[in-house]
Amino acid sequence: MQFADFISQGATQTNIEAAEKEAVIREMAGSLLSAGEIAEEHFEGIVEAILKREELGSTGIGRGVAVPHTKHPTVDKLCGAVAVSGSGVEFESLDGEKVHVLFMLVSPPDRPGDHLRALEYISRQLRDDSFCNLLKQSTTPDDVWQLLMDADNNQFGG
Amino acid sequence: MADSLVTQMATVLDEIGLHLRPARLIAEEAEQHRSRVELAYQGQAVDAKSIMQILTLGAGPNACVEVRAEGPDAEQAVAAVVGLFSSNFEADSAAQQQGGAASDVGPAGS
């Protein structure tokens, strides 16, 4: 499992305007819609599911990273979006810090292993300080994608 | 007298594995103890107070994980974390049943 396997190149954003959790989640889901990964008729349902998941406990995992996610029956494979927020988003993370990098995951309910492997891969890569910091400093979607591909090619310690 | 290392094995009962929600519960519990708390799995040892580090284990269903603690309240820390595993993160499943219908089609958890 690598970023190229589940992150949609068309769903990487660096110009996140929203500063609040729900708005950021909507913006990221919008990028999945624009990238053709989710259907318009399911957009609201997916956003609602992701928000409900957040109510059960923040998906902020520390170091300025959050992984908002849900299972949804309308997707037949794991799909993901990445967003970078320069100003940060309050996400009620355990460490109290705002998040600057978000990975959104929407997965089919019958393939929980893919979701777990994606979480593992994201976490392993983000443990590398240089990768994490470079991602936070990205200014264009192309920069983000190139960093993800560099990580897939073992350019960082993850 | 030096603090002794306390260890105990625990099994991942969750059918998805050690995903984000149980990882968070473990980290929250471990954080309440002064001792250093670790999880070890397949040759890796991680800080149990870090959600991100726990997730790097990629421990799947039925994985046997070693819970370790060293410090003034090591026994309590290990007992508490092992208790979470044993109850299959009961707080997790209880909260799931209350509010997670839209986000949980099929197996519980995420």
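Of the residues making up segment B:44-79, those that are open to solvent by 30 Å² or more (accessible area, probe 1.4 Å) and away from every other protein chain (no Cβ under 14 Å) are B:Cys64, B:Glu66, B:Arg68, B:Glu70, B:Pro72, B:Glu75, B:Gln76, B:Ala79. Those strands (runs of 3 or more DSSP E) of segment A:50-158 in which 2 or more residues are closer than 15 Å to A:Ala29 by Cα occupy A:69-71, A:79-89, A:99-107. Here A:His69, A:His100 are screened, and the one residue that is free of Cβ contacts under 8 Å to residues at least 60 places away in the same chain, away from chain B (no Cβ under 11 Å) and either within 26 Å of A:Phe156 (Cα to Cα) or open to solvent by less than 10 Å² (accessible area, probe 1.4 Å) (or both) is A:His100.
Of all the residues in segment A:129-141, those that are surrounded by fewer than 16 Cβ atoms within 10 Å (Cβ to Cβ) and free of Cβ contacts under 8 Å to residues at least 60 places away in the same chain number 4. Would you pick out the residues in segment A:92-107 that are modelled with pLDDT of 95 or more and touching a helix residue (DSSP H, G or I) at 6+ places or on another chain (Cβ under 8 Å)? Listed by number, the residues that qualify are A:His100, A:Val101, A:Leu102, A:Phe103, A:Met104, A:Leu105, A:Val106, A:Ser107. Residue pairs whose Cβ atoms lie under 8 Å apart, separated by 6 or more positions or on different chains, with the first residue in segment A:79-92 and on the phi > 0 side of the Ramachandran plot and the second crowded, with 21+ Cβ neighbours inside 10 Å and in a strand (DSSP E or B), are A:Gly88/A:Val99; A:Gly88/A:His100; A:Glu92/A:Gly60. Right, A:Thr59: more than 18 Å from A:Ser8 (Cβ to Cβ), open to solvent by less than 20 Å² (accessible area, probe 1.4 Å), at pLDDT 95 or above and not aliphatic (A, V, I, L, M) or not? The answer is yes for A:Thr59.
The values are calculated or read from the model by the stated rules, or taken from the named source; none is laboratory data. All values reported here derive from a predicted model rather than from experimental measurement. Using ideal geometry, Cβ is built from the backbone for each residue, glycine included, and neighbour counts are taken over all protein chains shown. Note: accessible area is taken over every heavy atom of the protein model, side chains too, but ligands, DNA and RNA are not part of it. Shrake-Rupley method; radii C 1.70, N 1.55, O 1.52, S 1.80 Å.
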